[in-house]
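One structure is given below, encoded as C-alpha cells.
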Amino acid sequence: MIAEKMKFTALSPLVQFIQKSTFSSFLLFFSALLALILANSPANTSIQWLLNQRIGFTIGEFSVYKSLLLWINDGLMSVFFFVVGLELKREIIAGELSNPKNLLLPIVAAVGGMLFPAFIYLAINYGGVPEAMNGWGIPMATDIAFALGVLYLLGPKVSLQLKVFLTALAIIDDLGAVLVVALFYTSEISLLNLSIGISILALMFSLNLLGVRSVFIFALLGIGGVWLATLLSGVHATVAAVLAAFMIPADRRIDKSGYLESISELTKKFKTANKAEKDQYLLSPDEENIIGEIKRISKASISPLQRLERSMHSLVVYLVMPIFAIANAGVVIESNWLEMISSPVALGVGMGLVFGKLVGIFGLSILGIKLGWYRMPKGINTSMLLGISFLAAIGFTMSLFINSLAFNDQTFIGQAKMGILMASFFSGIAGYVILKKAEGRLR
C-alpha cells in the first residue's frame with residue numbers, strides 16, 4: 001500500500017491531470033445537465049438576476065465593478081488559462097513538446113482543427129445576419145478535460161502516447177483560442193492600462209532572471225498587476241493569465257546533486273541527534289529543526305512552476321470549470337427548439353466542430369504522414385487518430401467561453417449553445433466507440 005502511494009505521488013503533473021480528468025468529465029457533464037435543468041425551471045429568473053449582479057471594489061478614486069457572470073468568465077477562466085499556460089511551458093521545456101519531432105504533428109493537427117471549423121462556420125453563415133458571422137471562433141475550441149475524460153473511460157490499457165498526443169493537441173488548441181480571443185474578440189483598448197500590464201509582465205520576467213522564486217511575489221504581480229491591468233485595458237484577461245504563467249520560474253534553487261548531498265548530511269545528523277532521549281513518541285528540538293530543514297530543502301528543489309501546477313489542477317477541474325459550466329451552459333429550450341437546431345448559427349457551430357475537426361485533425365495528420373512530414377507516433381494507429389479527432393470535437397467549456405464573447409444577441413447565444421451541446425455529445429460517443437473498437441483489435 002505504501003509503495004502504491006509513493007508511486008502515485010511520483011506521477012508527473014501531466015499524468016495526474018489526465019487521471020483527474022476522468023472524474024472532472026463526469027462533474028462537467030453533471031454541471032451542464034444541471035445548467036440545462038435550471039435554465040428551464042422557475043429558478044432561471046433568480047439565476048439570471050444573480051449572474052447580472054454587479055460586484056467589485058473601490059479604492060480611493062479607483063473602482064472596478066463587473067457583473068458576476070463577467071467575473072466568472074474573466075476571473076475564474078483566467079485561472080483555467082493560467083494552468084494551461086503552466087502546462088504548456090512545462091511541456092515545451094521538458095515534456096513531449098520539447099522534442100521538435102514530437103511537436104510538428106500536434107501543431108499541424110491543432111492548426112487544422114482550428115481553421116477548418118472556422119471555414120465551415122463562415123461558409124454556412126455567409127450572407128446571413130452580420131452579427132452571426134462573429135461566431136466563427138466558437139467551433140475552433142477543444143475541451144481538454146472532457147476529451148481526456150472520455151479517453152480515460154477506456155481504461156488503463158489505452159497507451160500513454162495516445163493520451164499525451166491528445167493533451168498536446170488540446171493545449172496547443174487552447175493557446176490558439178487565447179490568440180483568437182486577444183486578436184478578434186477584444187473590445188476598445190486602453191493603451192495606458194495595456195502599457196501598465198506589459199511593464200509589470202516585464203518586471204516578472206526580470207525577477208525570474210534575477211533568481212526570485214517567491215510564488216507570493218509572482219502571484220501578487222500576476223493578479224494585482226498584469227491581470228487587473230489587462231482586464232481594464234479591454235484585452236481579454238485570459239490572455240494575461242497565459243502570459244503570466246510563462247513568467248513563472250521553471251528552475252530550482254537546489255539541483256538534484258545538491259539536494260541529495262544535503263539530504264544525506266541531514267539524515268546522518270537526524271540519526272545521532274537524540275540518542276539519549278527515551279521518549280519514542282516526541283521529537284527533540286534538534287530533530288524538529290532537522291526535519292524543518294529537510295522540508296525547506298525539499299521545497300527549494302521543486303520549481304515554482306511545478307508547485308503551482310500540482311496545487312492548482314484540482315482547483316480548476318473541481319471548482320472553476322463546473323462553476324463556469326453552470327453559469328454558461330444553460331439554454332432555454334422553447335417550443336421552437338427545432339428552429340434553433342436548424343438555424344445557421346447552430347449548424348455552423350455543430351458541423352464546424354464535428355466535420356471541421358475531423359477534416360482538420362485527421363485529414364491533415366494523415367496527409368502529413370503520407371507526404372513524410374512526420375511519422376505516426378508509437379502506440380497510435382489510423383483508427384486511434386480518427387477517434388482522437390472526434391474527441392477533439394468536444395468543444396464545451398472553451399466553445400461556451402468564446403460564445404459568451406462572440407454574441408450580444410441572446411438568440412444567437414442560445415442557438416450556439418445548442419450546436420455546442422449536440423456536437424459535443426455526438427463527438428464524445430463517436431470517439432469513444434471508435435477508440436474502443438481500435439483497442440479491442442490490439443488485444
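Hey, does the range 212-219 have a residue that's buried (at least 18 other Cβ atoms within 10 Å of the Cβ) and within 16 Å of Asp74 (Cβ to Cβ)? No, there is no match, as no residue in the range 212-219 is buried (at least 18 other Cβ atoms within 10 Å of the Cβ) and within 16 Å of Asp74 (Cβ to Cβ). Among the residues of the range 17-69 satisfying the criterion of being under 23 Å from Val316 (Cβ atoms) and not in a helix (DSSP H, G or I), which is modelled with the lowest pLDDT? Out of the qualifying residues, it is Lys66.
Quick one: which residue in Glu334, Glu309 is in contact with a helix residue (DSSP H, G or I) (Cβ under 7 Å, 6 or more places away or on another chain) and acidic (Asp, Glu)?
Details: Glu334 fails: in contact with a helix residue (DSSP H, G or I) (Cβ under 7 Å, 6 or more places away or on another chain).
It is Glu309.
Checked against the criterion of being in a loop (DSSP other than H, G, I, E, B), surrounded by fewer than 22 Cβ atoms within 10 Å (Cβ to Cβ) and polar (S, T, N, Q), the range 372-392 contains one or more residues that satisfy it.
Being part of a helix (DSSP H, G or I) and over 21 Å from Ser427 (Cα atoms) narrows it down to one of Val316, Val359, so name that one. If you could, list the steps in order and put the result at the bottom.
Numbers: Val359 fails: over 21 Å from Ser427 (Cα atoms).
Just one listed residue meets the conditions, Val316.
Under the condition of being outside any helix (DSSP H, G or I), under 20 Å from Val349 (Cβ atoms) and among the polar types (S, T, N, Q), the residues counted in the range 117-174 number 1. Annotation note: Cβ proximity below 6 Å between a residue of the range 353-367 that is among the hydroxyl-bearing types (Ser, Thr, Tyr) and a residue that is assigned to a helix (DSSP H, G or I) (sequence gap 6+ or interchain) occurs for Ser365/Ala109; Ser365/Leu385. Entry remark, the range 396-434: residues being under 23 Å from the mean Cα position of the chain (by Cα) and more than 15 Å from Phe146 (Cα to Cα) number 11 in total.
Scoring Leu203 on the criteria (1) crowded, with 21+ Cβ neighbours inside 10 Å; (2) aliphatic (A, V, I, L, M); (3) farther than 23 Å from Glu87 by Cβ leaves a single failure, condition (1). When the range 298-332 is filtered for residues that are modelled with pLDDT of 80 or more and either more than 27 Å from the chain's Cα centre (by Cα) or acidic (Asp, Glu) (or both), only Glu309 remains.
Can you find a residue that is of a type outside the set (A, V, I, L, M, F, W, C), under 23 Å from Phe146 (Cβ atoms) and surrounded by 14 or more Cβ atoms within 10 Å (Cβ to Cβ) anywhere in the range 184-193? The answer is yes; a qualifying residue exists.
The values are calculated or read from the model by the stated rules, or taken from the named source; none is laboratory data. All values reported here derive from a predicted model rather than from experimental measurement. Backbone-built Cβ (ideal geometry, glycine too); neighbour counts: all protein chains shown.
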